[in-house]
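All remarks here apply to the structure that follows.
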Amino acid sequence: MTHIAIIIGSTRNQRIGHKIAQWIGEIGAGIVPGSVDLVDLRDWPLPMDDEPGIPAMGQYSQPHTLAWSRKVARYGAFVFVTPQYNWGYPAPLKNALDHLYREWTGKPAMIVTYGGHGGGKCGAQLRQVLEGLKMRSVETVPGLSLPRERIEANDGQIVPAAQFADAAGDVVRAWKELAELVTSPRA
């Protein structure tokens, strides 16, 4: 049985990422064999570049990096739920990825983006970074589009199942692709 982490990529005060991540998890729970946990980057305030060595060496000295390493190493696959900010993905997500290397390598990954334009540009950037980490990404990258009024309201109020009903099929397809990667031997 594979343990899967859904990583919430936004740490902003008024955010909807946690609600979207919960919805994504509910959809995936019946598709992928294994347990699904939410991992909120708010709970992992990792400073920028405070390790003396490079992550690829795996020789960490900071307590927060050691704890993050143990956390990430527990999981066999990842789902990254991230907003698109100015055509990219949030700095806390990039920092969390860059803190480690071996803990990510070879593991299956799924990307779900959201934003005013669905998040395709940040999804493409994130896919490149995951390739650099030698992760195995699914082909389908659901992009959840938010109307301008919802973005400008900035009140955190959203019902993902209703707001993104038209994208549910893509989310299911991505989970099925992840399930294939989870159950297939590494290439």
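The values are calculated or read from the model by the stated rules, or taken from the named source; none is laboratory data. All values reported here derive from a predicted model rather than from experimental measurement. Cβ placement follows ideal geometry from the backbone for every residue including glycine, while neighbour counts extend to all protein chains displayed. Accessible surface areas use protein heavy atoms only, side chains included; no ligands, DNA or RNA. Shrake-Rupley method; radii C 1.70, N 1.55, O 1.52, S 1.80 Å.
Restricting to Cα pairs below 8 Å that are 6+ residues apart, what does the relative contact order work out to for the chain? Please round to a whole percent.
It rounds to 25 percent for the chain.
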Task: Protein accessible area in segment 1-113, 1.4 Å probe - carbon and sulfur % - done: 53 percent
- [ ] Keeping all protein chains in place, calculate the accessible area per residue for the chain (probe 1.4 angstrom), answer in Å².
- [x] 49 Å²
TODO: List every residue whose amide H lies under 5 Å from the amide H of Phe80, counting only residues 5 or more places away in sequence or on a different chain, with H placed 1.01 Å from N in the peptide plane.
DONE: Ile7, Met110, Ile111, Val112
Task: Sites Thr183 and Gln22, calculated FRET efficiency, Cβ-Cβ separation with R0 22 Å, nearest 0.05 - done: 0.35
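How far, in nm, would the chain grow between Asn95 and Ala67 when pulled straight, counting 0.36 nm per residue and subtracting the alpha carbon separation?
Working: separation 28, 0.36 × 28 = 10.08 nm, distance 1.48 nm.
Fully extending the segment from Asn95 to Ala67 adds 8.6 nm.
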Open item on the list: Using amide H atoms built in the peptide plane, which far-off residues or other-chain residues are under 5 Å from Leu146 H to H?
Closed with: Gly115, Gly116, His117, Gly118
Task: Dipole of the chain, positive direction: furthest Cα of Ile27, Val129, Val112, with charges on the beta-carbon - done: Val129
Open item on the list: How much length would be gained if the chain were fully extended between Glu149 and Arg12, taking 0.36 nm per residue of separation minus their Cα-Cα distance, in nm to one decimal?
Closed with: 47.5 nm
Open item on the list: Starting from the 7 Å offset along Cα-to-Cβ, what nm value, one decimal, do you get for the label separation of Ser35 and Gln59?
Closed with: 3.4 nm
